[in-house]
Amino acid sequence: MVNRKACIYCGSSRQCDPVYLAAAEQLGRVLARNNVTVVYGGGAAGSMGSLAKGALAEGGRVIGVIPEFMVKIEWANPRITETVVVRDMHERKKQMMERSDAVVALPGGSGTLDELMEAITWKRLGLYLGPIVILNTRSYYQPLFRLLDQCIGQRFMDSRHARMWTVVQEPEEVPQAIETAEPWSEDCRKFAAL
């Protein structure tokens, strides 16, 4: 993989099971080894901090995109390569996607789910065309997959929309999933509203 940037969605909880923190740190290491720049929410805690730590430990580049209010309450990670301070959460999500070639979602809370669902929505509408990879550590996302299957089964989404994302179980699988993701184009708009 050459000079890619991946937008990583992950949590800030310090209280989650350490297995999720370990997976985030390993993903950071794997991405750095594959010359993938990490673009993430800029925090120092939880999976966000672990992701950055792993990437930096392998000499990787880490760009944090963080809203002003989070900087003021000292949630920003001071050790990363570059910090981009934005006005609000909406601008943060937009900047993270615009600065990236791929999206990767790790387990996380409401913010991570919001980001992932927005990426899927943008891809459905042809506003974002890159890979979406979901790291399903400990089968965390199984309830979401059941819900998305129901959206398709009840015809709120087309069956072709299930090809918008790729699911992997281990951090080591992420670079390959990015490289082999099914191509997506603005032609998707022809069936976005069916």
>> Taking θ = phi - 60°, what integer Hz values does the Karplus form 6.51 cos²θ - 1.76 cosθ + 1.60 yield along segment 61-77, in sequence order, with x for Gly and Pro?
In response: 9, 10, 10, x, 10, 9, x, 3, 5, 6, 5, 4, 9, 6, 8, 6, 7
> segment 95-127 to segment 166-194: how many Å between their Cα centroids?
Replying inline: 12 Å
> Here are several values of percent of Cα pairs over 25 Å apart: (1) 39; (2) 31; (3) 54. Which one was derived from the coordinates shown?
Replying inline: (2)
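Go through 163-176, 50-63, 80-93, 24-37 and give me the packing order, highest mean Cβ count within 10 Å leading.
On the way: 163-176: 17.9, 50-63: 20.9, 80-93: 15.8, 24-37: 22.4.
So the order, starting with the most tightly packed, is 24-37, 50-63, 163-176, 80-93.
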> Which of 144, 116, 67 sits closest to the plus end of the dipole of the chain, meaning its Cα is farthest towards the positive end, when Lys and Arg get +1 and Asp and Glu get -1 on the C-beta?
Replying inline: 67
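For each of 188, 7, count neighbouring Cβ atoms within 10 Å of the residue's Cβ, then give the residues from fewest to most.
By the 10 Å Cβ count, ascending: 188, 7.
Please rank 185, 13, fewest neighbouring Cβ atoms within 10 Å first, as an exposure proxy. Walk me through the intermediate numbers first.
On the way: 185 8, 13 17.
Placing the least packed residue first, the sequence is 185, 13.
Out of all DSSP beta bridges with both ends in the chain, state the antiparallel percent to the nearest 5. Kindly include the intermediate steps, with their values, before the conclusion.
Working: 1 of 23 bridges.
Once the DSSP bridges in the chain are tallied, antiparallel ones form about 5 percent.
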> Counting pairs of alpha carbon atoms under 8 Å apart in space and at least six apart in sequence, what relative contact order in percent does the chain give?
Replying inline: 21 percent
>> Helix-only mean residue ellipticity at 222 nm, the chain, DSSP H runs n ≥ 4 weighted -39,500 (n - 2.57), per residue, nearest 500. What is it?
In response: -12000 deg cm²/dmol
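Only the coordinates and a few stated rules stand behind these numbers; no lab work does. Note that the structure is a prediction, hence the values are computed from the model and not measured. Virtual Cβ from ideal backbone geometry, glycine too; neighbours counted across all protein chains shown.
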